[in-house]
1. Of the residues that make up region 459-472, is at least one touching an Asp or Glu at 6+ places or on another chain (Cβ under 6 Å), in the same structural domain as PHE385 (by TED's automatic domain parsing) and assigned to a helix (DSSP H, G or I)?
2. Of all the residues that make up region 580-597, how many are in contact with a Lys or Arg (Cβ under 8 Å, 6 or more places away or on another chain) and farther than 23 Å from SER337 by Cβ?
3. All but one of (1) surrounded by fewer than 23 Cβ atoms within 10 Å (Cβ to Cβ); (2) modelled with pLDDT of 95 or more; (3) not basic (Lys, Arg) hold for HIS157, so report the exception by its number.
4. Applying the selection to region 522-569, what residues are in a loop (DSSP other than H, G, I, E, B), aliphatic (A, V, I, L, M) and either farther than 17 Å from GLN697 by Cα or within 26 Å of the chain's Cα centre (by Cα) (or both)?
5. Residues that are closer than 26 Å to THR469 by Cα: which helices (runs of 4 or more DSSP H) entirely in region 341-419 hold 1 or more of them?
6. Can SER284 be described as in contact with a Gly (Cβ under 8 Å, 6 or more places away or on another chain), at negative phi and of a type in the set (S, T, N, Q)?
7. Quick one: which helices (runs of 4 or more DSSP H) sit completely within region 232-332 and have at least 3 residues that are under 19 Å from TRP163 (Cα atoms)?
8. Have a look at SER109, SER92, SER121 and point out the one that is hydroxyl-bearing (Ser, Thr, Tyr) and on the phi > 0 side of the Ramachandran plot.
Amino acid sequence: MNTNMETFKYDNRIVRAFAIATVVWGIVGMLVGLLAAVQLFYPDANLNFQFITFGRIRPLHTNAVIFAFIGNGMFMGIYYSLQRLCKARMFSDWLSWFNFWGWQTIIVSAAVTLPLGFTTSKEYAELEWPIDIAIAVVWVAFAVNLFGTIIKRREKHMYVAIWFYIATVITIAVLHITNSMEMPWSWMKSYSMYAGVQDALVQWWYGHNAVAFFLTTPYLGLMYYFLPKAANRPVFSYRLSIIHFWALVFLYIWAGPHHLLYSALPDWAQSLGMVFSLMLIAPSWGGMLNGLLTLRGAWDKVRQDPMLKFMVAAVTAYGMSTLEGPLMSIKTVNSLSHYTDWTVAHAHVGALGWNGFLTFSMLYWLFPRLYNTKLWSNKMANYHFWISMLGILFYAIPIYVAGVTEGLMWKQFNKDGFLQYPNFLETILQVVPMFKLRAVGGTLYIVGTLMMAYNLYKTGKSGKFEPDTEAQAPALEKVSVPHGKTAFHRMLEGKPMFFTVLAVVAVLIGGIVELIPMFLIKENVPTIASVKPYTPLEVLGRDIYIREGCLGCHSQMIRPFRSETERYGEYSKAGEFVYDHPFLWGSERKGPDLAREGGRYPDAWHFNHMDDPRSTSPGSIMPRYSWLLTQKLDRESLPARLGALRKVGVPYPVGFENGPAQKDLDAQAAKIVANLKQGSVTAEPDREIIAVIAYLQRLGTDIKSAPVTTAIK
């Protein structure tokens, strides 16, 4: 045995920095979410200010909560636990602080650019190409720091938490780089390299696995560290930890297509997503049970310790979410739940319950230890728990009710075989009371978070911060691997690079099997001769549509159900989207689907609807877009846009953007202005509203739609 003890110091400064950032950004992200929630029943809450409409702040809310609040919480927990699990200071203090300040810079960049309308429109990946590059650079710095610390560790075997950290680092890098392949046309705007069905598959392969490997695997690693520490109990089962880890990282990566069931995605890909989603129940619940059973014999401590209360509730929410998610991937269930608020409720049980509560738990555990004192008020922490728990219930239950109501109303036919609720707005008006209750729940959750912030502040004031914690451990030495059923894995834990290679292989298999056939086998995306590229004016209108975040409320994917074809027209085909960079299928409906919107209403209707939605659709919760009537079109950027689209495969003739495109734009704009005049509307041809109308009137017109006999708005 090595008796040579080495003295070293753990870095607490970086942990404190990430902890403070977690609290601050958590409050900011939640407040933005509350504003968005209020706008869904009181659309004038944006004060007709274009930078805080629902479409612009929804991605700001999701990015702030996921990458600012939960991301900083993840770094906080990893930087604290990794040093102690490896018995070593972080590999590089400089890289630690580069990680911190780089990440905060990225968050601030998102907070500025998203309200300004700089967005790729791809869910959880809305940030534009310069910020994507910055994310990759900061993530590489984090990876080097993590692996450098693991390599210089003084503990031979890597504890289970580190396995999950490794899987997180490598998989997020692969997902981010693959999904962020873009063709820039300006310093802050780009087009996706992929189009239509292929773009949709890559995006939801990324989107689902960003949830898996950013919101789940690192937090499972943190659960495996902090829960046994707080309970003063060993993990219930080492073997179950092994099964949990390898099954999860292998199966998760296949499940992305379950976001695209009944869409234009090929059936084989949809089926793969559904089957692997159902298989995920086993490892997910194995991990949940491993966490909860670790508390055997410690339930008295749970009742007394608010930190453990939050931890138990978090693990339980993880179990609920990871059961519900696979069940929602069953096609018959998905046919009811998709595009409804059911999905929103499901996502928030995971975000508020699993990620939020586990983050709160870590903060309550860390602050007293960082400041060498006791938590300032256990009573306030307990109040925080019950108020936030009540907030989750007030949020989730009404939104589940809203989701099921929406799904059932959309599908309901009367005894004569006609849609019972042909006007989409009838559905929205029915669930508005549920939206109001959600805002109450969100307010309660924020109140609890503010109570925590005050409690942690007072805890810090009552103690003395310890910037470096001195520790001793023997230098790393060769340890013989014990015999038995787990001997091979114990050997793996002593070989971090070999372990990492195996984890990479486990992760990549699913992505390779799903993605490569979509790009190499042409039959997966059959083309349609009548589908043509967008005109120059329609390109500008589509980009404005993306800028305003319209896809956050409107889908463009008619599923092959009678209820949808009766309401919207012919179901969507894969070949319709071959020139869509990016795809705009959407993920929820606060308004009707727009895939066949072209020609349904005269140009003047669209003009008035964008100026004041309630003038054409009484009771609508859509915000006003009156600035579109006054803001001038950005004609100067048209050559750059068309050139970039040609580079990603849209067949515009060479030189088209240098003259013919402007003439084409003028001619189409003049027609729309003439049509508006017939509807008693006077408009200038160089205003943004003209381009938006051109785009909306194009949707679905390349394919002859089935006649629609019922009103939809």
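The values are calculated or read from the model by the stated rules, or taken from the named source; none is laboratory data. The shown structure was predicted, so the numbers you read here are calculated from the model rather than taken from an experiment. In this analysis, Cβ positions are derived from the backbone assuming ideal geometry, glycine residues included, and neighbour counts consider all displayed protein chains.
1. Taking region 459-472 first, the residues touching an Asp or Glu at 6+ places or on another chain (Cβ under 6 Å) are none.
Taking every residue of region 459-472 in turn, none turns out to be touching an Asp or Glu at 6+ places or on another chain (Cβ under 6 Å), in the same structural domain as PHE385 (by TED's automatic domain parsing) and assigned to a helix (DSSP H, G or I).
2. Within region 580-597, residues that are in contact with a Lys or Arg (Cβ under 8 Å, 6 or more places away or on another chain) and farther than 23 Å from SER337 by Cβ number 1.
3. Of the numbered conditions (1) surrounded by fewer than 23 Cβ atoms within 10 Å (Cβ to Cβ); (2) modelled with pLDDT of 95 or more; (3) not basic (Lys, Arg), the odd one out for HIS157 is (2).
4. Scanning region 522-569 gives VAL525, ILE528, ALA529, MET557, ILE558.
5. In region 341-419, the matching helices (runs of 4 or more DSSP H) lie at 357-370, 378-411.
6. On the way: in contact with a Gly (Cβ under 8 Å, 6 or more places away or on another chain): yes; at negative phi: yes; of a type in the set (S, T, N, Q): yes.
Yes, satisfied.
7. Per the criteria, 238-252, 281-293.
8. Answer to the check: SER121.
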